[in-house]
Amino acid sequence: MWTLYDTLNFNFIRDIQPVAGILRVPAVMMINPAVPASTVPEFIAYAKANPGKINMSSPGVGSINHVAGELFNMMAGVKLTHIPYRSSQFPDLLSGQVQITFNPLPSSLDFIRAGKLRGLAVTSAMRSDVLPNLPTIGQFLAGYEATAWFGIGAPKATPSAIVATLNKMINAALADAQFKGRLIDLGGEPMPLAIADFSAFIASETDKWAKVVKFSGAKAE
């Protein structure tokens, strides 16, 4: 999350040659069961009635948990208080010291399936195959989407033929049924993209999260 930094000795857009997308990982909006809400609209109403009194945990400033929550604050018009953790956030989530997190799907599944935390929605644009009963946040806040994503870049001066070859090979691997199925089983979404599309995606994400960072006032720790 490079937009958290006021100064860097490189410019990600200028200095990195996008090669290929790999994976997107949605998060799950999940709450302690003591919170009196079973849907996203119910939670928004509860948060508006209790401004600044609902704690939102994350593993640190700039994590997907954090920025997904700040995007929710911005779009829903609520104020969730961010509590970053250097150790695990889950003991305080389970005890009710904090009430909500926007946690990556793979590490959320066991808590939701065991009924220890209540999943309200996923942060991706589409529903997740592994939690098909959960709606998307975007069904209630049009345009909401927050996913962690992974891709491969190269130094800007890398020859275009090499970049094209790498893109072709990576996209072929992502199309392999066994490999693709494994990524989905882990709660991820394969992200095969042409080079130009991956470049446009990075630019769009940079602009989007810069606005969220500015709104939240967050700074890198």
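The values are calculated or read from the model by the stated rules, or taken from the named source; none is laboratory data. None of the values given here were measured: they were computed from a predicted structure. We place every Cβ from the backbone using ideal geometry, glycine too, and count neighbours over all the protein chains shown.
Of everything in region 169-182 that is surrounded by fewer than 13 Cβ atoms within 10 Å (Cβ to Cβ) and of a type in the set (D, E, K, R), the residue that is farthest from residue 24 (Cα to Cα) is 176. Do you know which of the residues in region 8-60 that are polar (S, T, N, Q) and under 30 Å from residue 159 (Cα atoms) is modelled with the lowest pLDDT? The residue in question is 9. Does any residue of region 123-139 turn out to be touching a residue at least 40 places away in the same chain (Cβ under 8 Å), assigned to a loop (DSSP other than H, G, I, E, B) and among the charged types (D, E, K, R)? Yes - at least one qualifying residue is present in region 123-139.
Yes/no matrix, rows are residues, columns are (1) out of contact with any strand residue (DSSP E or B) (no Cβ under 9 Å at 6 or more places or on another chain); (2) among the hydrophobic types (A, V, I, L, M, F, W, C); (3) at positive phi:
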position	(1), (2), (3)
112	no, yes, no
117	no, yes, no
135	no, no, no
143	yes, no, yes
166	no, yes, no
184	no, yes, no
204	yes, no, no
210	yes, yes, no
215	yes, yes, no
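If you take the residues in region 173-194 that are in a helix (DSSP H, G or I) and touching a Leu at 6+ places or on another chain (Cβ under 9 Å), which one is modelled with the lowest pLDDT? Filtering first and then ranking leaves 183.
Between 103, 73, the distinction of being assigned by TED's automatic domain parsing to the domain that holds residue 54 and part of a helix (DSSP H, G or I) belongs to 73 only. Considering (1) closer than 30 Å to residue 202 by Cβ; (2) modelled with pLDDT of 95 or more, say which one residue 126 fails and leave the rest. Tallying (1) closer than 30 Å to residue 202 by Cβ; (2) modelled with pLDDT of 95 or more, residue 126 fails exactly one: (2). Whenever a residue of region 14-37 is closer than 12 Å to residue 119 by Cβ and touching a residue at least 12 places away in the same chain (Cβ under 8 Å), its partners that are in a strand (DSSP E or B) and of a type in the set (D, E, K, R), lying with C-beta atoms within less than 7 angstrom and at least six residues away or across chains, give the pairs 30/118; 31/118; 33/118.
Residue selection: residue 115 satisfies the criterion of being more than 16 Å from the chain's Cα centre (by Cα) and either of a type in the set (A, V, I, L, M) or assigned by TED's automatic domain parsing to the domain that holds residue 32 (or both). Within region 104-122, the residues that satisfy the criterion of being in contact (Cβ under 8 Å) with a residue 24 or more places away in the chain and closer than 11 Å to residue 187 by Cβ are 104, 105, 106, 108, 109, 122.
Taking the criterion of being crowded, with 17+ Cβ neighbours inside 10 Å and touching a strand residue (DSSP E or B) at 6+ places or on another chain (Cβ under 9 Å), the residues of region 36-61 that qualify are 37, 40, 43, 46, 47, 54, 55, 56, 57, 58, 59, 61.
Given 210, 175, which one is out of contact with any helix residue (DSSP H, G or I) (no Cβ under 6 Å at 6 or more places or on another chain) and farther than 27 Å from residue 99 by Cβ? Going through 210, 175 in turn, the sole match is 175.
The residue that is modelled with the lowest pLDDT, among those in region 140-172 that are charged (D, E, K, R) and part of a loop (DSSP other than H, G, I, E, B), is 156.
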